[in-house]
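Chemist: Supplied in structure tokens, the structure appears directly below.
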Amino acid sequence: MPANKVRFGLKNVHYAVLTETVDPQTGETTNSYGTVMAWPGAVSMNLEPQGEINNEYADDGVYYTLASNSGYQGDFEYETMPEDFRENVLGETKDNKGVFVEESGKATVYFALLFEVNGDAHKTKKLFYKCSATRESVENSTTEDSIEMTHGTITITAVARSDQKVSASTGSTTDATVDAAWYSSVYETA
């Protein structure tokens, strides 16, 4: 399959809760994920790379360049937030009358974020292995002569897992079975 020349769109956003288990004997961390859950209604996503570029100078010029990878951070805009995300990731509790309650002091729950963008030759599917999210922005306005839709927005931070993996994405030579099963579970390298 040829490589994409252009990319456009955003769809099929999914998430899966990450569980990190540390072996008390070895200190090694095992990463596992819960069920991959759909998040319909993606509007836009803009995650900027985080890190620094450090130049080492010698012989009257740049001798060596070191770029640090501190993951990504930015905003995800959507139509509505799934209730399961509110419970599973943001830690809101639903009482016996079906009311969601937000409490301060809840621990951060990490999750994988999966999505795809279109291209002229094929779709590219991407995932960030370890993300955290802020609470949803609250922005609404009165209805006037015409109805304007409002969107929800959260800030997502994607960082490296203990094994240093930050993200993964499909390409023009990705195995068809991997591509077809992208939303069945969080992809782990073979």
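Chemist: Could you go through the range 85-93 and let me know if any residue there is out of contact with any His (no Cβ under 9 Å at 6 or more places or on another chain) and more than 24 Å from N140 (Cβ to Cβ).
Modeler: Within the range 85-93, one or more residues are out of contact with any His (no Cβ under 9 Å at 6 or more places or on another chain) and more than 24 Å from N140 (Cβ to Cβ).
Chemist: I've got another one for you. Out of all the residues in the range 83-104, which are surrounded by 12 or more Cβ atoms within 10 Å (Cβ to Cβ) and farther than 30 Å from Q164 by Cα?
Modeler: Result: E83, T93, K94, F100, E102.
Chemist: Let me ask another. Could you name every one of the strands (runs of 3 or more DSSP E) located completely within the range 1-52 that has at least 2 residues being over 24 Å from Q73 (Cβ atoms) and free of Cβ contacts under 8 Å to residues at least 40 places away in the same chain? Spell out how you get there, then give the answer.
Modeler: Values: elements: 7-22, 29-33, 42-49.
Per the criteria, 7-22, 29-33.
Chemist: Suppose we filter A158, A168, A180 for residues that are surrounded by fewer than 13 Cβ atoms within 10 Å (Cβ to Cβ) and either hydrophobic (A, V, I, L, M, F, W, C) or in contact with an Asp or Glu (Cβ under 8 Å, 6 or more places away or on another chain) (or both); which single one remains?
Modeler: A180
Chemist: Right, another one. I'd like to verify a number: residues in the range 56-82 that are over 22 Å from S162 (Cα atoms) and loosely packed, with under 11 Cβ neighbours inside 10 Å, how many?
Modeler: Of all residues in the range 56-82, those over 22 Å from S162 (Cα atoms) come to 56-65, 75-82.
Of the ones still in play, those that are also loosely packed, with under 11 Cβ neighbours inside 10 Å are 56-65.
Residues flagged as over 22 Å from S162 (Cα atoms) and loosely packed, with under 11 Cβ neighbours inside 10 Å within the range 56-82 amount to 10.
Chemist: OK, next. Which members of the range 131-152 meet the condition of being hydroxyl-bearing (S, T, Y) and either surrounded by fewer than 10 Cβ atoms within 10 Å (Cβ to Cβ) or farther than 30 Å from G71 by Cα (or both)? Can you show your working first?
Modeler: Just the residues of the range 131-152 that are hydroxyl-bearing (S, T, Y), to begin with: 132, 134, 137, 141-143, 146, 150.
Within the range 131-152, S141, T142, T143, S146 qualify.
The numbers here are math on the coordinates, done by the rules we state, and not lab data. Just so it is clear, the model here is predicted, and its values are computed rather than measured. A quick note on method: Cβ atoms are made from the backbone with ideal geometry, for glycine too, and the neighbour counts reach across all protein chains shown.
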